[in-house]
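Step one of this worksheet: look at the structure below.
The values are calculated or read from the model by the stated rules, or taken from the named source; none is laboratory data. Here the structure is a predicted model, which means the values were calculated and not measured. With ideal geometry, Cβ positions are generated from the backbone for all residues, glycine too; neighbour counts draw on all protein chains shown.
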């Protein structure tokens, strides 16, 4: 690391530290240097301009990580983890990104590929030296090994359910009729006045989206317009959007004013939601209650809690209910490999399908060399995850999602 000045036309632009990384001990495995300036847009732009005038070129999105991949320092799954770490919305997501960057997924894929290669090798040996094994013994061994590989692929694919929660969070729609306390609940969870709260009905006309963490899992909260019959066109559009959000959400928090009798709007909303993924909240428990868990229609729901959004009472009960519903305490990333990337899941599923096809070919007395071709397809599928078999188009598409300087 060297200390000195950046000079242009005999004028000092800034005093800086320059770090030099000699190949192959750098991020890209190439000779690299980094200039550490005091910062500030004006100074940084000037230093960049001087570099460009002296032959440097601007990097493409993700170019440094792409070079690290192309030069063999990391595989494609590790490169993708860099995006996950940068975009992480929770500590668990960041930890999973770090695990993938350290090569945990690559190692698991490599072990499975090695087992497939052993099966292919046995097949090729049997073709070249048929006197060593009878066809029946060979087929039994191959079938057993393929079943073990299929089991491992199944286990990897199943982790995506948890991985999706870790990466994307739980899409949660807060619905209810006007003035039931939806915006007050959102504000109570966020611990800030994010949504407008008044005594007038229909204040929320559009959705408000915010993230909050529960047990390290991001919860994407969507405060929706109150559902009721209205002639106001703007409010009506907001209500239609609320209905759609309730249908598409992973979790629905249906909030009801417990200090009033159930209205026709309340009953309609209770009838349109999916009960298995809905938490009914009886709000305003600080006031005299007119309804409870045994009230008609409400009693049909399994997940009912009482809160006071205004006084922020019962919020922890809501967190605990969400934790139980989605088994958040069971999602462990400390020792387990978790698939969080949709591309990886698709390729693992394709590898499973090709493996099942190869196994079926064996069961249907297909020539053994045809079975080997099917197994090579499985290798190719898994190779796309780590990058050995990925096309240039796929590689370019992945790195195009990076920001500059990564």
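Restricting to segment 6-20, name every residue that is surrounded by fewer than 16 Cβ atoms within 10 Å (Cβ to Cβ), closer than 17 Å to residue 56 by Cα and in contact with a strand residue (DSSP E or B) (Cβ under 8 Å, 6 or more places away or on another chain).
Result: 7, 18, 19, 20.
To keep it simple, each residue is scored yes or no on (1) under 24 Å from the mean Cα position of the chain (by Cα); (2) surrounded by fewer than 16 Cβ atoms within 10 Å (Cβ to Cβ); (3) assigned to a loop (DSSP other than H, G, I, E, B).
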{"site": "340", "(1), (2), (3)": "yes, no, yes"}
{"site": "343", "(1), (2), (3)": "yes, no, no"}
{"site": "347", "(1), (2), (3)": "yes, no, no"}
{"site": "351", "(1), (2), (3)": "yes, no, no"}
{"site": "358", "(1), (2), (3)": "no, no, no"}
{"site": "372", "(1), (2), (3)": "no, no, no"}
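Might you check whether a residue that is in contact with a helix residue (DSSP H, G or I) (Cβ under 7 Å, 6 or more places away or on another chain), assigned by TED's automatic domain parsing to the domain that holds residue 181 and farther than 13 Å from residue 176 by Cβ occurs anywhere in segment 251-267?
Yes, segment 251-267 has at least one match.
Provide a single number: the residues in segment 286-306 that are under 18 Å from residue 175 (Cα atoms), part of a loop (DSSP other than H, G, I, E, B) and in contact with a strand residue (DSSP E or B) (Cβ under 6 Å, 6 or more places away or on another chain).
2
Can you tell me which of (1) modelled with pLDDT of 90 or more; (2) surrounded by 14 or more Cβ atoms within 10 Å (Cβ to Cβ) is the one residue 90 doesn't meet?
It fails just one condition, (1).
Being part of a loop (DSSP other than H, G, I, E, B) and touching a residue at least 24 places away in the same chain (Cβ under 8 Å) is the filter here, so list the residues in segment 54-72 that pass it. Quick ask: steps written out before the conclusion?
Taking segment 54-72 as the starting set, the residues that turn out to be part of a loop (DSSP other than H, G, I, E, B) are 54-62, 71-72.
Answer for segment 54-72, where residues must be part of a loop (DSSP other than H, G, I, E, B) and touching a residue at least 24 places away in the same chain (Cβ under 8 Å): 58, 59, 60, 61, 62, 71, 72.
If residue 389 meets every condition in (1) in a helix (DSSP H, G or I); (2) without any contact (Cβ under 8 Å) to a residue 60 or more places away in the chain apart from one, which number is that one?
Result: residue 389 fails condition (1) only.
State whether the residues of segment 308-328 include one that is within 18 Å of the chain's Cα centre (by Cα) and outside any helix (DSSP H, G or I).
Yes, segment 308-328 contains a residue that is within 18 Å of the chain's Cα centre (by Cα) and outside any helix (DSSP H, G or I).
Whether any residue in segment 73-85 is outside the structural domain of residue 389 (by TED's automatic domain parsing) and part of a strand (DSSP E or B) is what I want to check.
In the first step, residues of segment 73-85 are kept if they are outside the structural domain of residue 389 (by TED's automatic domain parsing); the result is 73-85.
Right, trim to part of a strand (DSSP E or B) and you get none.
No, segment 73-85 contains no residue that is outside the structural domain of residue 389 (by TED's automatic domain parsing) and part of a strand (DSSP E or B).
Mind checking which pairs have a first residue in segment 294-318 that is at positive phi and without any contact (Cβ under 8 Å) to a residue 60 or more places away in the chain and a second that is crowded, with 17+ Cβ neighbours inside 10 Å and assigned to a loop (DSSP other than H, G, I, E, B), Cβ under 9 Å, 6 or more apart or different chains?
Listed by first residue and then by second, the contacts come to 297/262; 314/285; 314/307.
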